[in-house]
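The values are calculated or read from the model by the stated rules, or taken from the named source; none is laboratory data. Predicted model, so just to flag it, every value in this text is computed and none were measured. Cβ placement follows ideal geometry from the backbone for every residue including glycine, while neighbour counts extend to all protein chains displayed. Accessible surface areas use protein heavy atoms only, side chains included; no ligands, DNA or RNA. Shrake-Rupley method; radii C 1.70, N 1.55, O 1.52, S 1.80 Å.
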Amino acid sequence: MNDAPQLPATGLSAAEVAERVARGQVNRVRRSHWAAYLDVVARNVFTLFNGLVVPAAVALFALGDYRAALAVSGMAITNTLLGLAQEVRGKWHLDKLTLLAETRARVLRDGLAQEVPAGDVVWGDHVLLAAGEPVVADGAVVESRFLEVDEALLTGESDPVPRKVGDNLLSGSFAVAGEGAYRADQVGGESFAQRTAAEARSYQYTSSPLQDSINRLVRALTAFAVLLCLSYGGLAFVRDFKEGELVSMSAATITSMVPVGLVLMTTFAFILGAVRMSARGAIVQRLNAVEAMASIDTLCMDKTGTLTTNQLCLAHVYVVAPELEELAVRDRLRLFASLSLDRGSKSLVALRAALGEATGELLDQLPFKSQNRYSAVRVRLAGRERVFALGACEALQAHLEAGGPEGWDATWKELLGTGLRLLLFAEGEPARPFAGSLEGFALRPLALIALSDELRPEAPAVLLSLAQQGISFKVISGDNPETVRATLAPLGAGADVPALRALAEGPVVTGAELEASATPGELIRERSVFGRVSPWQKVEIVKALKAQGRQVAMVGDGVNDVLPIKNAHLGIAMGDGSQASKTVSGLVLQTNDFGLLPQTLDEGRTIVRNLRRAAKLFLVKNVYTALLILLGMGLLGLPFPYLPQHVTLLNFLTIGAPALVIALSRERSTALRADFVREVAGFALGTGAVLGLAGLAMMFLSARVWNDTEVLQRTLLLSVLVLLGLTAFLRVLVHGEKGMLPGDWHLRWLAIALVPVYLGAMYVPLPEMRLGKVPIRSFADFFVLEPLNWQQWGRVLLVVVPACGVAWLSDHIRRPPARRADHGGGGAVPLARS
């Protein structure tokens, strides 16, 4: 499609657009609706777990053990259907969410500029491009007015690249200066972004680092379960197993040792979190952003548009040219603001709102870019060519002529402490055409332009809330350091939180100081406020913090924030920010409400806290099952501990129902948690060992002391494990916390309610039926349980009560740290590294 024809200035017609959409020549990667869902089905049906369990279920059916076969196949079907339901629900919800925050593009059609979703751009469209907008398709530049693009996301090079008519643009870059248009020559799957596997703006299955860790754990446990199953074949030469017993043992081993439900629970929790946050106005663009929210301990922020409202107003014009009156300066400033290519910038919009519009003859101009920090125009005024420049005082200071007005810099320095945004307006004679800078031009200052930008009203409360959660702050701004200091002063006024005081009282590090420092990493570690930093220095600050082991979030709204947002663990864009910043972020505050930050970070922590709890329940069973098999059957010669039916009942009562309720819990915790793997493994190993030893004691007493039948031995063992499993559920609710959270008290009733469910499985009769040759008169017949009498329940309690005491005692001896935020800006301990 590189031979797209040159089009007239009117762009495509509606008919041409419709024709190209019909041919599939659109920027959205078109896939069959059913194909997407078939992928979901295949991913959930053709799993390693099903590959092991389904053959076992088929073998059990063939051997006539219908009860075990139904239990095993029922577990496989349930897990598959739950996985399908969760991922289909996730696809549906995330597709809806991405539509809310989808990148927009401006195209020229029927002679009019129209804004459309980036995916609706068609081959041959003329796409308009201005500073802050991303390139959404590959194509040649057809119009350029000082257009410069940043390709750092593609090449790693930080310097903007000027683009002229005929130059090629690649999707994934974004404009940083000037404006222009390009023709969409390669769209959809043919574009550079798609060919290099960039993330598409539609649902796709991507796992987070936590999910990757869980998947590795599941694979390791699956391998261990397979080794156990293989070892049964060798054991058969020593012990006489009944017909079909090896198959039953293998099926029970796989279903009890492989925590496949934990993978489903993780996906469900992340989707649930994304939906909850979107309801508040925070759009999750990538599921792994939910996990990142839980571990953030350092929040980097741009000042303008993030901490401030970015609603600029002209506060004052301080004339510094003695020969000019303020009215004459305002006339020149009005002309500059009206003719500049950057007229859409917040600063020039504020100037035109206060001064009005003007017309004039524009001869040349130099658009604003962050590397120069100024813009300039060359105009013809009263028959005479003049140059007007507006920008940062430090940036224009080097271009001022000698012998110009004195005292302007004293006025500037005096005003720095007011927190106003100060710009220098200067005039000069044309020396030569602009060549990307004002090098060689001699300017004289006309006025200092003071623009007001208020702190967001919610900013102090938001930062205080985050600081109390243990989050430290780094403000990294391109503004003058003194202006940044004055703006931040109210945030730390009277605060007794070190993280806030550091913003108001700590020294401001300039970009020049950072560049000249022999140990920039130490400056970044120790200081909290940075002013006059370049976009690339923002990236270096984020990278340095990550290298120091910090979990970094970056909040921004402008083109200068794109790269640091992309490089942070969690990139957050403001809803009214540039399209480029929103495109690369994991989270978009769509309503532009800075106050959502504590809620979103808290939601992420709550979700991962719930996953910790669920993981503990899943992995406890792996530990005690391994002990029962290795020590009980392998060392002590006891019968295999479970039948497949027992595993199904045990999974539902001690894991499935409790884990589902835990995942739905919305109770907040401000506890700063230990490493995910360390905390979960510590609980699972300790509790699993207690339950495994209690189960071994029960099996040994039942087989060797009381000489019970195998059915009664397994019934006693299952009763012990169910009761201890429910107490483990109660302990999970307080493990790692300072106590039971207020909203978790009702979960105790679930543990109590599940006891009658188990009793029903043991005592409730059923209408008589047959499964093969086996009569089924009760649930106990199906689950192969022997209803216990009071004396036998006494035996169960004889083992359960001491085991409970040991478990509760071990919790107090080995209690993991449940530190609450120390109000000192210290970092939360990060999640498991992947």
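Would you grab the residues whose amide H sits under 5 Å from the one on Ala105? Only those 5+ places off in sequence or on another chain, please, with H modelled 1.01 Å from N.
Amide H neighbours of Ala105: Val116, Ala118.
Calculate what fraction, in whole %, of the accessible area of segment 441-545 sits on carbon and sulfur atoms when a 1.4 Å probe is rolled over the protein chains.
53
Need the full-extension length gain, Val711 to Lys773, defined as separation in residues times 0.36 nm minus the C-alpha distance. One decimal, nm.
20.5 nm
Using only Cα atoms, find the angle between the long axis of helix 676-700 and the longest principal axis of the chain, and express it within 0 to 90 degrees, rounded to the nearest 10.
So the helix axis and the longest Cα principal axis differ by about 0 degrees.
How much solvent-accessible surface does Asp150 expose, in Å² to the nearest 10, with a 1.4 Å probe and all protein chains in place?
10
Hey, what number do you get for the chain at 222 nm if only DSSP H runs of n ≥ 4 count, each worth -39500 (n - 2.57), divided across all residues, to the nearest 500?
-15000 deg cm²/dmol
Skip the ligands, DNA and RNA, and give the accessible area per residue of the chain with a 1.4 Å probe, whole Å².
40
Of Ser477, Leu351, Gln590, which is farthest along the charge dipole of the chain in the positive direction, counting Lys and Arg as +1 and Asp and Glu as -1 at C-beta?
Among Ser477, Leu351, Gln590, the one farthest towards the positive end of the dipole of the chain is Gln590.
As a test of reading the structure, rank Leu210, Leu70 by solvent-accessible area (1.4 Å probe, protein chains only), most first.
From most accessible down to least: Leu70, Leu210.
In segment 242-325, carbon and sulfur make up what percent of the accessible area (probe 1.4 Å)?
56
For segment 437-524, which GluC sites (Glu not before Pro) pass both filters: DSSP loop (anything but H, G, I, E, B) and at most 12 other C-beta atoms within 10 Å?
Sites meeting the loop and neighbour criteria: Glu439.
Accessible area of Met75, 1.4 Å probe, to the nearest 10 Å²?
Approximately 20 Å² of Met75 is accessible to the 1.4 Å probe.
Starting at the first residue of segment 568-582, write each ³J(HN,Hα) from the Karplus equation 6.51 cos²θ - 1.76 cosθ + 1.60 with θ = phi - 60°, in whole Hz, x for Gly and Pro.
Karplus-based 3J(HN,Hα) across segment 568-582 equals 6, 4, 9, x, 10, 10, 6, x, 9, x, 5, 4, 4, 5, 6 Hz.
Where the accessible area of segment 342-388 is counted over protein heavy atoms with a 1.4 Å probe, how much of it, in %, is carbon and sulfur?
49
Taking the Cα centroid of segment 609-644 and of segment 61-93, what is the distance between the two, rounded to the nearest whole Å?
22
Sequence gap at least 6, Cα distance under 8 Å: using those rules, report the relative contact order of the chain to the nearest whole percent.
Reported relative contact order: 13 percent.
So for Glu143, Glu679, what's the accessible-area order with a 1.4 Å probe, most first?
Greatest to least solvent exposure: Glu143, Glu679.
Amide H neighbours of Phe473 under 5 Å, counting only residues 5+ apart in sequence or on other chains, H built in-plane at 1.01 Å?
The answer is Leu299.
Return the percentage of antiparallel bridges among DSSP beta bridges fully within the chain, rounded to the nearest 5 %.
75
Give me the accessible area of Val349, 1.4 Å probe, in Å² rounded to the nearest 10.
Looks like 70 Å² after rounding.
Measure out, as a whole number of angstrom, how far apart the alpha-carbon centroids of segment 119-138 and segment 531-552 sit.
One Cα centre to the other: 30 Å.
With a 1.4 Å probe and all protein chains kept in place, how do His735, His746 rank by accessible area, largest first?
Accessible-area ranking of His735, His746, largest first: His746, His735.
Val806 to Thr519: extension gain in nm, 0.36 nm per residue of separation minus the Cα-Cα distance?
98.1 nm
Multiplying the sequence separation of Asp331 and Asp240 by 0.36 nm and subtracting their Cα-Cα distance, what value in nm do you get?
Gain on stretching Asp331 to Asp240: 22.5 nm.
By how many degrees, 0 to 90 and rounded to 10, does the Cα axis of helix 790-813 deviate from the longest principal axis of the chain?
30
What is the distance, in nm, between label points placed 7 Å from the Cα along the Cα-to-Cβ direction at Ser437 and at Asp409?
Each label point lies 7 Å from its Cα, and together they span 1.9 nm.
With everything on Cα atoms, drop me the angle between helix 245-257 and the longest principal axis of the chain, reported from 0 to 90° to the nearest 10.
Helix 245-257 and the main axis of the chain meet at about 30 degrees.
Within segment 657-722, report the trypsin sites (Lys or Arg not before Pro) that DSSP leaves as loop and that have at most 10 other Cβ atoms within 10 Å.
none
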